[in-house]
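Undergrad: Here it is, the structure, as structure tokens.
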Amino acid sequence: MPSAMEPRKALKTRRSRDSRLARLESFGRPSPRPGSTSASRLDWIDAARGLAIVAVVLLHVSIGHYYALPQAESWVVPRWDRINQVVSVIRMPLLFVVSGMLAAGKIKRGFLGGNAILSIVTNYYLYLVWLAVYGFLFVVSGPVVVPFQPARVEDFFIQIVQPRTPLWFVFGLAGYTLVFTALRRVPSGVILAATAAITVWSGMTWTVESPLWTRIFLYVFYFAVGVHAKRVIVREARSWWYLLVSGVLTVAFFQTLGLVTLMTPRPLAFGDSVVSLLLQLAASVFGITASAQLCRWKPWSAVATWIGRRTLGIYVMHVPVIVAVHFAVELGPLAVVEQLTARSLWFDLLYPVGLTAFVIVVCVWIEKLLGMVRLGHLFRLPSRYRRRLYRR
């Protein structure tokens, strides 16, 4: 009897371990169990990440679909373009600060004492998988404008080491985790100073029109802040004082720099690049503290954390979903969208918000559906490799 039960027990143990590994997402760590002492703290971290992801999806909905539609009023698209430009001061910096906070533990435990290797391999694996998906979409997209447009086949293969699609964020996380784990014994002050210098130099070297891989250097400082200032951020996140000061500084730096300078097609001067770093740092702190305060309101907390805990599927899949919607509008099934944006001012104004929400829900639904049909490998490293790399 014991010998017959042994394989069943081993299978149960393996399934339990796989379940824990499945929750160890590459973009962060598992959400806390209800009732745990850290649940309220992690709620606002996930909510801040959810806020950043919504801003990313809104941008790609705009540039990959909405701007190509006929409009009811000529001033609508410029207004949405201005909104996306203003949000740019917080969108990726906030996402990287939160990502650094979530990666801080595995980075500080090192390659052998934690799951840094698992995170690095998983992120790069996901990058390659979804780069192949994006490549397929480019082949079938034809003349349809999408946020991913390599001109030649050679350009596609170059992206194995030099990202040129929105997936640069996933590539960047793998690279950041590798480098920061290797440098984990270097004093925090030295890391923060060095990464700040890299970010300032990047602002002086590249522009908003530069290839997307340059963003990996441009935003490295904010990931470093998340890793090395995590304790301070967690301790002060619910402080009204930090919320007020960061909000005032964000407005002050924004007024000093100006949107024209931020969006210039020319590299920034040294002083402007420094102010840009301070602006985005202040905006990130404001986003985190605002998220912590807003999470006191149950409806906001429920929605924002629901999105934030599903960041992985939303990020890698939102561009394909936007492309599919754009096909449906241009090829007939959803042609009514073009008619409505051309005739209805209110539909035109609200369409980017509504489509952003739709894309997020569809991404979550598709990820769940693909998991049910045993295609979960699109979103996580195969379990046999995860088990080999996993460290308790």
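Rule-based calculations on the coordinates, nothing more; no lab input. From a predicted model like this one, the values you see are computed outputs, not experimental measurements. All Cβ positions, glycine included, derive from the backbone under ideal geometry; neighbour counts span all protein chains shown.
Undergrad: What is the sum of charges, Lys and Arg at +1 and Asp and Glu at -1, for the other residues whose Cβ falls under 15 Å from the Cβ of V260? All intermediate terms of the calculation are to be shown ahead of the outcome.
TA: Details: positive: R82, R266; negative: D81, E209, D272.
Net local charge, V260 excluded: -1.
Undergrad: Another one. Using a 10 Å cut-off on Cβ atoms, rank the peptides 300-308, 331-339, 280-288 from the highest mean neighbour count down. Let's see the in-between values first.
TA: Numbers: 300-308: 18.9, 331-339: 12.6, 280-288: 25.7.
Top to bottom by mean Cβ count within 10 Å: 280-288, 300-308, 331-339.
Undergrad: Continuing with this model, one more query. Hey, how many Å between the Cα centroid of the stretch 341-380 and the Cα centroid of the stretch 206-238?
TA: 27 Å
Undergrad: What shape does the stretch 349-392 have by the C-alpha gyration tensor, where a ≥ b ≥ c are the square roots of the eigenvalues, rounded means a/c under 1.5, and otherwise prolate means a/b greater than b/c and oblate the rest? List each step's numbers first, then the result.
TA: Numbers: a/c = 5.49, a/b = 2.63, b/c = 2.08.
Note, shape of the stretch 349-392 comes out prolate.
Undergrad: Going by average Cβ density within 10 Å per residue, which order do the peptides 355-368, 202-215 take, highest to lowest?
TA: Top of the packing list down: 355-368, 202-215.
Undergrad: Return the tail of the calculated pair distribution for the stretch 262-392, meaning the percent of Cα-Cα pairs more than 26 Å apart.
TA: Summing the P(r) of the stretch 262-392 above 26 Å gives 53 percent of all pairs.
Undergrad: Further, regarding this structure: Could you identify which residue out of T341, T195, T311 has the top mean-square fluctuation in a GNM of the chain using Cα springs shorter than 10 Å?
TA: The residue with the greatest mean-square fluctuation here is T341.
Undergrad: Cα gyration tensor of the stretch 45-186, axes a ≥ b ≥ c as square roots of the eigenvalues: rounded (a/c below 1.5), prolate (a/b > b/c) or oblate? Intermediate results must be reported in sequence, preceding the final value.
TA: Values: a/c = 3.17, a/b = 1.49, b/c = 2.12.
Note, shape of the stretch 45-186 comes out oblate.
Undergrad: Can you order the peptides 316-327, 126-137, 244-255 by their average number of other Cβ atoms within 10 Å per residue, highest first? Spell out each step's value before the answer.
TA: Values: 316-327: 21.5, 126-137: 18.5, 244-255: 15.9.
Sorting 316-327, 126-137, 244-255 by mean packing, highest first, produces 316-327, 126-137, 244-255.
Undergrad: Could I ask something else about it? With helices defined as uninterrupted DSSP H runs, which ones in the chain have an alpha carbon span along their own long axis of at least 27 Å and mean Kyte-Doolittle hydropathy of at least -1.0?
TA: Answer set is 39-64, 116-141, 270-294, 311-331, 345-372.
Undergrad: If you line up the Cα atoms of the stretch 149-237 on their principal axes, what length do they span on each, largest first, in Å?
TA: The Cα atoms of the stretch 149-237 stretch 48, 25, 25 Å along the principal axes, largest first.
Undergrad: Something else about it: Suppose the Debye formula is applied to equal point scatterers at every Cα of the stretch 206-328; what is log10 I(q)/I(0) at q = 0.10, 0.14, 0.20 Å⁻¹?
TA: -0.44, -0.85, -1.25
Undergrad: Which three extents, in whole angstrom, do the alpha-carbon atoms of the chain cover along their principal axes, largest first?
TA: That works out to 77, 52, 48 Å along the principal axes.
Undergrad: Another question about this same structure. Classify the stretch 200-277 as rounded, prolate or oblate from the Cα gyration tensor: take a ≥ b ≥ c as the square roots of its eigenvalues, call it rounded if a/c is under 1.5, otherwise prolate when a/b beats b/c and oblate if not. Working shown, then result.
TA: On the way: a/c = 2.99, a/b = 1.49, b/c = 2.00.
Here the stretch 200-277 falls in the oblate category.
Undergrad: Let me ask something else. Scale the Cα Rg of the stretch 266-313 by the rule-of-thumb value 2.2 N^0.38 Å and send over the ratio, two decimals. Write out the running numbers ahead of the final one.
TA: Details: Rg = 15.7 Å, N = 48, 2.2 N^0.38 = 9.6 Å.
Relative to the 2.2 N^0.38 Å estimate, the stretch 266-313 comes out at 1.64.
Undergrad: Aspartates and glutamates near K106 by alpha-carbon distance under 15 Å, same-chain residues fewer than 8 away left out - which ones?
TA: E25
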